Amino acid sequence: MDIDKQLYIGKGLDRECYLHPEDSSKCIKITVSGDYRQHRDDIKYYHRLQKRDISWQHLAQFHGLCSTSLGDGLMFEVVRDHDGSISKSLRDYIRGNGCPIDRQQLDDELARLKSYLLKHSIIMRDLKDDNLLLQRLSDSEARLVVIDGIGNNEFIPFSELAPVFTNMKINRKWAKFSQKLQAKL
């Protein structure tokens, strides 16, 4: 599949993201750093989530692997606002791009996201505001959607041995994230 640079959406530490050239409802993440560990880890973790048949309400759905002109890629759902535009990250809104919801609504959405992660036992490797999109569902409604940073980065994944350990890990990561986020707001 040929990837045109005009399809570029954004870049993380190791990967660039492009709109799928044949399906605008999908995007493709392609490793550009040469470090494919995150790619491999994501594949394993998303397959585990698919086997558990989780709700994808707050997580961009994984659609598998593909081969592109820029290298192998991982396909995901493109998160779009009610007007069809690609949703912006929570970081974009925090930096002053006019958050579409008020502070109480944002706090409520953060609480819903945390409940979702706990309910579905989804561990975040990298819980930060640029891995969360604020999807505008209407002019006054939005929800948070995780687009990157999921998975367990423990060498020996003790936190996955029992639900109580998984919840402890999620709560610990959330507390650190929340503290950093509150300092930005």
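The table that follows gives values for the structure above.
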quantity: Where a label projected 7 Å from the Cα of D130 along Cα→Cβ would reach, residues of region 62-90 with amide N under 17 Å; calculated: 87-90
quantity: Pairwise label distance in nanometres, I156 with L118, each label 7 Å out on the Cα-Cβ vector; calculated: 2.8 nm
quantity: Computed [θ] at 222 nm, deg cm²/dmol, the chain (DSSP H ≥ 4; -39,500 (n - 2.57); rounded to nearest 500); calculated: -10500 deg cm²/dmol
quantity: Share antiparallel - DSSP beta bridges, the chain, percent rounded to 5; calculated: 95 percent
quantity: Highest average packing first - 4-11, 151-158, 42-49, Cβ atoms within 10 Å; calculated: 42-49, 151-158, 4-11
quantity: Nitroxide proxy distance, nm - points 7 Å out along Cα→Cβ at Q104 and K180; calculated: 2.9 nm
quantity: Burial order of peptide ranges 86-92, 26-32 (average beta-carbon count within 10 Å, highest first); calculated: 26-32, 86-92
quantity: Protection proxy ranking of 98-110, 115-127 - average other beta-carbon atoms within 10 Å, highest first; calculated: 115-127, 98-110
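Values in this text are rule-based calculations from the coordinates and carry no lab data. Quick caveat: nothing in here was measured; it's all calculated off a predicted structure. Please note: Cβ atoms are built from the backbone with ideal geometry, for glycine as well, and neighbour counts cover all protein chains shown.
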